[in-house]
Amino acid sequence: MTDLPERVVASEFPAGQSADSTDTDRVAVKSEQKASHNKSLKASFLSSFFVSTLSIFETHPESHSGEKKPTKSRSYGWTTAVKKVVTGGSMRRLQELLGTSSTDALSSTSDIWLLGKCYKLSPEESSGGTDHGNGSAAFLEDFSSRIWITYRKGFDAIGDSKFTSDVRWGCMIRSSQMLVAQALLFHHLGRSWRKPSQKPHDSKYIEILHLFGDSEACAFSIHNLLEAGKAYGLAAREWVGPYAMCRTWETITRAKREQADLDKEKERLPMVVYVVSGDEDGERGGAPVVCIDVAARLCSDFTKGQISWAPMLLLVPLVLGLEKVNPRYIPLLWETFTFPQSLGILGGKPGASTYIVGVQDDKALYLDPHDVQLAVDIKRDNLDADTSSYHCSTVRNLPLDLIDPSLAIGFYCRDKDDFEDFCSRASKLEDKSNGAPLFTVAQTTRSAISIQHQDALVDGLGGAGNSGMDDTFSDCGAHSGDEEWQIL
């Protein structure tokens, strides 16, 4: 069986050594240094740090045909891609599924949007909302300050299992940890924070890293996420999709909040988690709706009515096609990175999750969790800790039209004004969608239901935007009899 890609970056893991204590398969190793040495990139001042997407391929003897499904909805692009990787048996086909290319290179002049911030890479700098000075250096400093969470090896066994590594199956969990970690960075340290070169580190920064450590003692460890996500199909050595991961974060933050109410020493997420999706049974209809009344109720519950609003993490799981993202949604996905509230996209490549943090032209820029590193224990009071394994300066890219159609978009709203600004931007984005928005905004649940019914009616009548569509996707809402679009 052809497996998902991984890279071993720790020097302790020479070529051919097993990457999992329970696995004897040989690991194909190719370091980033060797890859960049062997490639001839186009001459530009970005060539020193832009690395095209490369993959290392492995074989695995086990079958995942009995894999649990995390939701009642049918398997979309995520599971489909994994099955094709498993059954295809062709290296070339696997490369196509992963959307990799050895010749892709980013432009040295086009603007880059990175989690709501624009970097002008051309010699001509502009003012409004963009970075001043050396755009390429400022971009790389920002990118390398994002928290990077990867496969780890050598941590405490997960639950009653013997698994001490998440290699080959934990990429979706790791990608989601990265997205939530950025939300915590923005919340505690602000969007302008950059990782300092000198120690001691900021105490909040160290506390954030501690939360994602690889043990049950760390609030948002892979151990605790697997436990919280059992109802959605999370289990060691099983692949899950973005929807299940979003619901898992909703579950674990609720549980941690309840524990903190009983024990003030317990850690919790200092923000509301709002999963913008359908009901638990998979309500069908049009685009997901951000309901303002629901957001207000969640804030009131979070603060126990003491204040009217609270910081909020919005997670919007979507399925935007079958095999591929429908092209009409790509400009909309691109524009979400211009929102000041942007936390990027959870999903990435078909069958192999990544964390997409930025865009340039038709490229998605991402942090890849598939590197294998030794587990580290960051103590919350150790301000001199070595945190280098939580940051990456290698910028990988993937064509936007090759990302998996099953994904989740994240946003962080600091306060009510920030939330209202997000809603305003989302409404303007809806106006640009030609009747097929990624998601919409409504005041009440009643109006939200009305919007969904209107979307379905437009589809049924062959309304706006229906002409010229390809066969794999019909329009903005779902017909009652097909399976091409569903609010999960």
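The values are calculated or read from the model by the stated rules, or taken from the named source; none is laboratory data. Just so we're clear, the structure is a prediction, and the values are computed from it rather than from any experiment. Note that we place each Cβ from the backbone using ideal geometry, even for glycine, and neighbour counts take in every protein chain shown.
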Notebook entry, point to check: Which of (1) under 26 Å from ASP368 (Cα atoms); (2) modelled with pLDDT of 90 or more; (3) not aromatic (Phe, Trp, Tyr) does SER300 not meet, given it meets every other one?
Noted result: (1)
Checklist line | Hey, LEU398 modelled with pLDDT of 95 or more and either among the aromatic types (Phe, Trp, Tyr) or in a strand (DSSP E or B) (or both) or not | finding: no
Item checked: Meets criteria (in contact with a Leu (Cβ under 9 Å, 6 or more places away or on another chain), closer than 26 Å to SER107 by Cβ, in a strand (DSSP E or B) and not polar (S, T, N, Q)) for TYR366 -> yes
Check: Any idea how many residues of region 366-382 are more than 23 Å from SER197 (Cβ to Cβ) and surrounded by 21 or more Cβ atoms within 10 Å (Cβ to Cβ)?
Finding: 5
Next item on the list: Hey, could you check region 138-154 for residues that are among the small types (Gly, Ala, Ser) and not in a loop (DSSP other than H, G, I, E, B) and say which is surrounded by the fewest Cβ atoms within 10 Å (Cβ to Cβ)?
Entry: SER144
Notebook entry, point to check: Which one of these is in contact with a helix residue (DSSP H, G or I) (Cβ under 8 Å, 6 or more places away or on another chain), at pLDDT 95 or above and not hydroxyl-bearing (Ser, Thr, Tyr): ILE487, ILE409?
Noted result: ILE409
Checklist line | Residues that are surrounded by 14 or more Cβ atoms within 10 Å (Cβ to Cβ), of a type in the set (A, V, I, L, M) and more than 22 Å from GLN341 (Cα to Cα), drawn from region 383-435 | finding: ALA385, LEU398, LEU402
Check: Regarding ASP368, is this residue under 21 Å from LEU114 (Cα atoms) and without any contact (Cβ under 8 Å) to a residue 40 or more places away in the chain?
Finding: no
